[in-house]
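Worksheet: one structure, shown below.
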Amino acid sequence: MADRVPIQIKRLPHGHGLELPAYATEGAAGMDVLAAENMILRPGIPHAVATGFAVGIPDGYEIQVRPRSGLALKHGITVPNTPGTVDSDYRGEVKVILINHSQDNFQIQRGDRIAQLIVSPVTLAEWEEVTELPETERGKGGFGSTGGYASL
Ligand SMILES: O=c1ccn([C@H]2C[C@H](O)[C@@H](COP(=O)(O)OP(=O)(O)OP(=O)(O)O)O2)c(=O)[nH]1
Ligand SMILES: [Mg+2]
């Protein structure tokens, strides 16, 4: 098993009694994270769902908040800011922003596994400002410039 990154986690009052985020299988990349509140996700209205904990991520790492495919496929529930970014210097409650792209209200129950958390190394940039960039074949092409769409 790959080395694991030790991350401090502090339960908040409304998080007591909830399982901590956990890997559902041996090879899981993400830890399923549980809702710490009951609420109804109405179509089209994003909500930052409480998780009931705060974390102390070591320098050099982040936690990414990503949707669960089952919720996306079966209920149109996703994370609008995916991947959400939990910075290593953040000490507030971790929240999971969810949005309901279906036509129906969706009930979130406390204890539901509503998203997954991925611990990821962070590479920081240091700008080197230049007046010209090295030429490339792609150049300024973007946004469908390589084709592959029937309608473009
Ligand atoms: O899905 C998310 C995204 C962010 N956060 C928390 C942790 C993160 O460190 C902080 C800031 O996130 P981000 O940088 O995405 O938000 P911002 O709009 O840039 O706010 P800020 O100015 O506070 O950085 O909010 C979450 O709890 N869940
Ligand atoms: Mg930010």
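The values are calculated or read from the model by the stated rules, or taken from the named source; none is laboratory data. On a predicted model such as this, the values are computed, not experimentally measured, just so you know. Ideal geometry is used to build each Cβ from the backbone, glycine not excepted, and the neighbour counts take in all protein chains shown. Note: areas computed on protein heavy atoms with side chains; ligands, DNA, RNA excluded. Shrake-Rupley method; radii C 1.70, N 1.55, O 1.52, S 1.80 Å.
For every helix of n ≥ 4 consecutive DSSP H residues, a contribution of -39,500 (n - 2.57) applies; sum these over the chain, divide by its total residues, and give [θ] at 222 nm rounded to the nearest 500 deg cm²/dmol.
On the way: 1 runs with 7 residues, N = 152.
The helix contribution divided over the chain gives -1000 deg cm²/dmol.
Can you list, largest first and rounded to whole Å, the semi-axes you get for the chain by taking the square root of 5 times each eigenvalue of its Cα gyration tensor?
In descending order, the three semi-axes are 32, 24, 15 Å.
Quick check: pseudo-label points 7 Å beyond the Cα along Cα→Cβ at Thr123 and Ala72, how many nm apart are they?
Placing both labels 7 Å along Cα→Cβ, they lie 2.4 nm apart.
Can you tell which of Phe143, Thr25, Ile40 lies farthest toward the positive end of the dipole of the chain, using +1 and -1 charges on the Cβ of basic and acidic side chains (Lys, Arg; Asp, Glu)?
Value: Ile40.
Report the charge-dipole magnitude of region 39-152 in Debye, nearest 20, computed about the Cα centre from +1 at each Lys and Arg Cβ and -1 at each Asp and Glu Cβ.
Value, rounded to 20: 960 debye.
When only Cα pairs under 8 Å and 6 or more residues apart are kept, what is the percent relative contact order across region 8-121?
This gives 37 percent for region 8-121.
On a C-alpha basis, how far is the centre of region 19-48 from the centre of region 112-152 in Å? Whole number, if you could?
A separation of 27 Å, based on Cα centres.
For region 98-149, treating each Cα as an identical point scatterer without solvent, what Debye log10 I(q)/I(0) comes out at q = 0.19, 0.20, 0.25, 0.32 1/Å?
So the normalised log intensities work out to -0.91, -0.93, -1.07, -1.27.
Skip the ligands, DNA and RNA, and give the accessible area per residue of region 16-87 with a 1.4 Å probe, whole Å².
For region 16-87, the solvent-accessible area averages 50 Å² per residue.
Solvent-accessible area of Leu12, probe 1.4 Å, all protein chains present, reported in Å² to the nearest ten, please.
30
Less than 24 Å apart at the alpha-carbon level, and either on another chain or at least 8 residues along: which lysines does that give for Lys95?
Straight-distance partners of Lys95: Lys10, Lys74.
Keeping all protein chains in place and using 1.4 angstrom, which order do Arg68, Arg110 fall into by accessible surface area, from largest down?
Arg110, Arg68
In terms of the ratio Rg/(2.2 N^0.38 Å) built on C-alpha atoms, what value belongs to region 1-46?
Against the compact-globule rule of thumb, the ratio is 1.52.
Compute the Rg/Rh shape ratio of region 24-113: radius of gyration over Kirkwood radius, all on alpha-carbon atoms.
Ratio value, two decimals: 0.97.
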